[in-house]
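Accompanying notes for the structure given below.
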Amino acid sequence: MESFFHLYKTELLSNRPLCKDLAELSQLSHDYIHFFNYERISLKTKGMTPVAYRNHAYKA
């Protein structure tokens, strides 16, 4: 979890203007979590997204 929140703060929130309200922050967070799970590849997961890696592990 600490690793995720570090990435969340550095990739999403740094160098951004402050959010206008909680709804905007909520939408940004939702979009980032979707990106993190379905689009962002990692070398630790053999170049797969977290969801693809988990599905690959379930098949094995």
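Computed on the chain, with alpha-carbon pairs under 8 angstrom and 6+ residues apart, the relative contact order is 18 percent.
Projecting the Cα atoms of 12, 60, 45 onto the charge dipole of the chain, computed from C-beta unit charges around the Cα centre, puts 60 farthest toward the positive end. Here the convex hull built on the C-alpha positions of the chain has a volume of 96 cubic angstrom per residue.
Kindly list the residues of segment 1-30 that lie in the label zone of residue 45, defined by a backbone N under 19 Å from the point 7 Å along the Cα-to-C-beta vector. The answer is 1-12, 29-30, whose backbone nitrogens lie closer than 19 Å to the label point. Which angle between 0 and 90 degrees, to the nearest 10, do you get for helix 50-59 versus the longest principal axis of the chain when only C-alpha atoms count? Its long axis makes an angle of about 20 degrees. Amide H contacts of residue 48: 42, each under 5 Å away and 5 or more positions distant or on a separate chain (H built 1.01 Å from N in the peptide plane; Pro and chain starts excluded). With both labels modelled 7 Å from their Cα along Cα-to-Cβ, the residue 23 to residue 9 distance reads 2.9 nm. Taking other Cβ atoms within 10 Å as a rough exposure proxy, 49, 10 sort from fewest to most as 10, 49. The string of couplings for segment 5-16 from the Karplus curve (6.51, -1.76, 1.60, θ = phi - 60°) is 5, 4, 5, 4, 5, 7, 8, 9, 8, 6, 6, 10 Hz, one whole number per residue in order, with x for Gly and Pro. About the centre of its Cα atoms, the chain shows a dipole size close to 340 debye [charges on the beta carbon of Lys, Arg (+1) and Asp, Glu (-1) only; nearest 20 debye].
Readers should treat all values here as calculations from the given coordinates under stated rules, not as data from a laboratory. Because the structure is predicted, anything quoted here is derived from the model rather than measured. Counting neighbours? That spans all protein chains shown, and the Cβs are built from the backbone with ideal geometry, glycine included.
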